[in-house]
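Any read-out appearing in this document is the output of simple, stated calculations on the displayed coordinates, not a laboratory observation. From a predicted model like this one, the values you see are computed outputs, not experimental measurements. Ideal geometry is used to build each Cβ from the backbone, glycine not excepted, and the neighbour counts take in all protein chains shown.
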Amino acid sequence: MDKKIKVALAGNPNSGKTTLFNELTGARHYVGNWPGVTVEKKEGGFKYGEENILLTDLPGIYSISPYTMEEIVTRKFIIEEKPDVILNIVDASNLERNLYLTIQLIEMGRPVVIALNMMDIVEKKGIGIDVEALSKKLKATVVPITASKMGNKGKLLDAVVETAKKSDGYYPIEVDYGQDIENKIVETHKLIDHLACLGRFNHRWLSLRVIEEDIEIMNLMGSGQKAYLDPENSHGERYEELIVKKKYEFINRLVDAVVIDKSRDKETVSDKIDKIAMNRYLGLPIFILIMMGVFAFTFDVVGNRLLDLVDVFFSEILANAAFDWLTGAGVSEWLISLVVEGIIGGVGGILVFLPNIATLFFAISILEDSGYMARVAFIMDRTMRRIGLSGKAFIPMVLGFGCNVPAIMSTRTLENKQDRMTAILINPFMSCSARLPVYTLFASAFFPRNKSMVVFSLYFLGIAVAVTVAFVFKRTFFKSEPIPLLIELPPYRIPTAKGIGIHVWERVKEFIVKAGTLIFAASIVIWFLLNYNFAGPAAFTDSFAASVGKFIAPMFTPLGFGNWRASLSLLTGVVAKEIIVSNMSIAYGAGAGSGASLADALSASFTSLSAYSFMVYVLLYIPCIGVISVIKKETGSWKWTGFSIVYQMTLAWVIAFGVYQIGGLFVG
Amino acid sequence: MVIAEAKANSFVVIDRIHSGRNLKMRLYNMGLTPGVRVKVISSEPGNAIVISVRGSRLVLGKGISEKIEVRNLGKI
């Protein structure tokens, strides 16, 4: 084809225009002067596919007003030569100012293609531009480029060619100049429509120029036309200035809509940490290590050392002091026994474990307050899906290690009812801190060298049972597609000492209150039941409690602990799991809850194997009243509450049975 | 394409959400509306993805990420 596509290259100075021109024309361009002026004119012709393109480089300008030579020359070229396409190079890193020229070019009426340059700088700055949206709003194809590299050269030239071919159907966008000026545009058009000398201009553009009293246009019209319009509006503002303002308002809205402030999405410290914490391969091992660390910290490092201290205080110092003082005061024997063996024994036996419990809650608080828990939901999601639950269901399980009551309440975040029910019903298998005293006691007594391992194995067993039961539940009673994960990741925070302090203190306070009331009362009741029967004061083995215990005991013989004291303790454990130990302290009459001598006393009734099977039973059997009531509250159903009691009792019995019988085969 | 197919460290714009009313409203409430820009922070096939939207970070499970239709933002 002989017909050349005439393209005018226009843009701000320093926008990379020269580089682009050179890239497109190669060495084949000629440099001259614009006629009559000292402004340099560059032109180059090249072939693109089937097309011959003539590219004229217009001078770098900021606008098309008739004030400077460069501007006048540009204007003239566009109006007289009527290029097929105006290729407007725009510096993306300076969008607002550059777009001002763009709007003016578009208003002239020739089709515009925008080469959006400096994209590399924009990327580095962390700014993003929605090119498609920009194109749409300007009704002009926008091609992002980096002029020095010209990766998109083909795309750019394709756009130019395509636009050139469709140039007849081009209707430029119209900036809304407001009621006043828009009316004036219509008015003006009517006034000058008949003037032949103005026929070649775009009408709207022309009217705007007349309103502005554009010098060049006014000259063309002849001096007589100046009287046509008032250059100022009713408020004394010049239309010329208003038109500029409106253009910039348009540009502001445009830029708001298409420029992305990536600083919100910029990588934060939290993101950096998450790269590791939620890493596909590292995430899970890291979580397991953290959990192991928590347990080690709670039980070995802090817990047990403090435990010994508290134990000594209660069992020796306080008990002996009370005994001496009361004896010296001439208090009757039974009261001394009540205070020293009953109260100090029962309550002290439990307070001994306060350090362990406080430490556990401390660790859990840190996990929660730091924001790590949300990550845990993500990390465990894949695994949880295998049993039919979402990662969110894992969080109540972790909380259950502290206390099952708040853990079950936290299942409220699960949107799916089936998932929620499952999570609630398996939660008691997550061994709460109240059961810890039992483990610690028995593990110290029977597995002194493998204490941590034994305790850990129980926790692990609890998890295993929870997971298996969840798997079964999700396939039977609570069948449903697991809800896909949708969780916010709050930024990591360093937990404040105050925040943690409050959490831990709340739990510790609760524990102490429980000890001071429930356990205190229970201890007195148990003491009474242990020391009396219908005939009055009695030895333990003949007391009320013993009768009850002996009645239940046969049920536990196949599990290895068919003695009345153990059975009785289990019964009292329904009130609160901690009471199991209190009860044992009193029932074995083991000098005010001292861990050591209680351990000795236990050896008489338990073997290592039966001790372990006992602990398994404690792990799994009926939840305490607190949990039962919360289950009723959260499920809203007596049926399921009753079910949870029955199925747990059954499961506990069966598994403890299995442990004892099968274990018996190995131990011989 | 759906957001599950987007590459890590890319920017997309949400076009539509193909789901029932419940899920749609939950997503809208968390800021995932048509027209909003989203940065995909991490994306592993078959797993949940992590995104940044309106300044906050969200995890979207597979079932959800397959229902959100998006388009890539024009970039070089």
Fill in: Stokes-Einstein translational diffusion, chain B - Kirkwood Rh over all Cα pairs, 0.890 mPa s, 25 °C, in µm²/s
203
Fill in: Relative contact order, percent, chain A [alpha-carbon distance under 8 Å, six or more residues apart]
10
Discussion item. List residues of region A:535-559, by number, whose backbone nitrogen lies under 18 Å from a label position 7 Å along Cα→C-beta of A:MET649.
Written reply: A:548-559
Response to the item:
From the Cα centre of region A:358-397 to that of region A:248-287, the distance in Å is 24
Response to the item:
With -39,500 (n - 2.57) per DSSP H segment of 4 or more residues and division by the full residue count of chain A, the 222 nm estimate, nearest 500 deg cm²/dmol, is -17500 deg cm²/dmol
Discussion item. Taking a cut-off of 18 Å, what percent of all Cα-Cα pairs in region A:409-528 are separated by more than that?
Written reply: 72
Worksheet item: What FRET efficiency would be calculated for the residue pair A:LYS3, A:GLU488, taking the C-beta separation as r and a Förster radius of 56 Å, to the nearest 0.05?
Response: 0.40
Worksheet item: Once the Cα atoms of region A:292-416 are picked out, what are the Rg and Dmax in Å?
Response: 21.3, 68
Worksheet item: What's the local net charge at A:LEU58, with K and R +1, D and E -1, over the other residues with C-beta under 11 Å away?
Response: -1
Practice prompt. Let me know the charge dipole size of region A:379-446 about its Cα centre in debye, to the nearest 20, where only the beta-carbon of Lys, Arg (+1) and Asp, Glu (-1) is charged.
Written response: 140
Fill in: Length released on extending from A:TRP505 to A:ILE121, taking residue separation times 0.36 nm less the Cα-Cα span
132.9 nm
Worksheet item: Once the dipole of the protein assembly as shown is set up with Lys and Arg at +1 and Asp and Glu at -1 on Cβ about the Cα centre, which of A:LEU20, B:VAL59, A:CYS432 lies farthest towards its positive end?
Response: A:CYS432
Worksheet entry | Extreme residue, positive dipole direction of chain A, given options A:LEU101, A:LEU87, A:PHE401 (C-beta unit charges) | A:PHE401
Worksheet item: Can you give the extra length, in nm with one decimal, that the chain gains between A:GLU316 and A:SER167 once fully stretched, where that is 0.36 nm per residue apart less the Cα-Cα distance?
Response: 43.6 nm
Discussion item. I need the trypsin sites (Lys or Arg not before Pro) found in region A:1-47, filtered to DSSP loop residues with at most 13 other beta carbons within 10 Å of theirs.
Written reply: A:LYS3, A:ARG28
Practice prompt. Would you list, by chain and number, the lysines whose Cα falls below 26 Å from the Cα of A:LYS451, excluding same-chain residues fewer than 8 positions away?
Written response: A:LYS577
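Where does each of B:TYR28, A:TYR100 land when they are ranked from fewest to most other beta-carbon atoms within 10 angstrom?
So the ranking, lowest neighbour count to highest, is B:TYR28, A:TYR100.
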Discussion item. Between A:ASN233 and A:ILE625, what is 0.36 nm times their sequence separation minus the Cα-Cα distance? Round to one decimal in nm.
Written reply: 132.9 nm
Worksheet item: Distance in nm between label sites at A:TYR48 and A:THR68, each 7 Å beyond Cα in the beta-carbon direction?
Response: 2.7
Worksheet item: Say the dipole of chain B comes from +1 at the beta carbon of Lys and Arg and -1 at that of Asp and Glu; which of B:ILE49, B:ILE68, B:ASN22 then lies farthest toward its positive end?
Response: B:ASN22
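What does the charge add up to near A:TYR48, with Lys and Arg as +1, Asp and Glu as -1, over the other residues with Cβ less than 14 Å from its Cβ?
On the way: positive: A:LYS3, A:LYS4, A:LYS6, A:ARG28, A:LYS47, A:LYS153, A:LYS155, A:LYS165; negative: A:GLU23, A:GLU50, A:GLU51, A:ASP84, A:ASP158, A:GLU162.
Once all neighbours under 14 Å are counted, the net charge is +2.
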Item to complete: Determine the dipole magnitude for the protein assembly as shown: charges of +1 sit on the beta-carbon of Lys and Arg, -1 on that of Asp and Glu, nothing else is charged, the reference point is the Cα centre, and the result goes in debye to the nearest 20.
Response: 1780
Worksheet entry | Between helix A:95-107 and chain A: long-axis angle, C-alpha atoms, 0 to 90°, nearest 10 | 40
Discussion item. As an exercise, identify the chymotrypsin sites (Phe, Trp or Tyr not before Pro) in region A:474-540 lying in DSSP coil whose Cβ has no more than 14 other Cβ atoms within 10 Å.
Written reply: A:PHE477, A:PHE534
Practice prompt. Quick one: grab the alpha carbon gyration tensor of region A:592-668, order the square roots of its eigenvalues as a ≥ b ≥ c, and give me rounded if a/c is under 1.5, else prolate or oblate depending on whether a/b is larger than b/c.
Written response: oblate
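Provide, as a two-decimal number, the C-alpha radius of gyration of chain A over 2.2 N^0.38 Å, N being how many residues it has.
1.64
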Discussion item. For region A:479-519 and region A:54-123, what is the centre-to-centre distance using only Cα atoms, to the nearest Å?
Written reply: 62
Response to the item:
Across 10 Å bins beginning at 0, the whole-percent shares of Cα-Cα pair distances in region A:36-167 come to 11, 42, 36, 10, 0
